[in-house]
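Reading through the structure tokens given below for one structure.
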Amino acid sequence: WRKWGIKKEYFMHFYNATEYHFDKIVAPMRIFSFTNDHFASKEGVDWLASQYMNAKIERIHFDKNSGGKRPGHFGFFKEDFKDDFWKPTLDWLLE
């Protein structure tokens, strides 16, 4: 993971089309980013999403508070944010 993190293009620095197949992924994707995410900036997540050039991407950048709390990098998985993320994501998956 460290080897990826120190490269400007993250794990794509080691990109090999025969191994990663980003161009073969066509499934719909909903990709989130969060204003106070210190690990994955909006720009970084935009860049990563762009690697899936044939997928139908829905980008959501969450830049507001939820009950006075900001989700950050791991907030999506915390129960405090279940109304903001879990239910809408479940509904999206069930569509």
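Since every read-out is calculated from the coordinates, none of them should be taken as a lab result. The structure presented is a predicted model; accordingly, all values stated were derived computationally and were not measured. In this analysis, Cβ positions are derived from the backbone assuming ideal geometry, glycine residues included, and neighbour counts consider all displayed protein chains.
3J(HN,Hα) couplings calculated from phi for the range 75-82 with the Karplus curve 6.51 cos²θ - 1.76 cosθ + 1.60 (θ = phi - 60°) are, in sequence order, x, 3, 8, 8, 4, 4, 10, 4 Hz; Gly and Pro show x. Round to a whole angstrom and tell me the spacing of the C-alpha centers of the range 1-57 and the range 75-95. Centre-to-centre (Cα) distance: 21 Å. Using the Karplus relation 6.51 cos²θ - 1.76 cosθ + 1.60 with θ = phi - 60°, the per-residue 3J(HN,Hα) values for the range 30-46 come to 10, 10, 9, 9, 9, 3, 9, 8, 7, 9, 9, 5, 4, 4, x, 5, 4 Hz, with x marking Gly and Pro. Amide H to amide H distances under 5 Å link Phe62 with Ser33, Phe34, Thr35, where only residues 5 or more positions off or on other chains count and H is placed in the peptide plane. Would you mind computing the Rg to Rh ratio of the chain from its alpha-carbon coordinates, Kirkwood style for Rh? Here the Rg-to-Rh quotient is 1.00.
Subtracting the Cα-Cα distance of Asn16 and Trp47 from 0.36 nm times their residue separation leaves 9.4 nm of extension gain. In order along the range 89-94, the phi-based Karplus estimate (6.51 cos²θ - 1.76 cosθ + 1.60, θ = phi - 60°) of 3J(HN,Hα) comes to 5, 4, 4, 5, 5, 6 Hz; Gly and Pro are listed as x. Spin-label model, Glu79/Lys8: points 7 Å from Cα along the beta carbon direction are separated by 4.5 nm.
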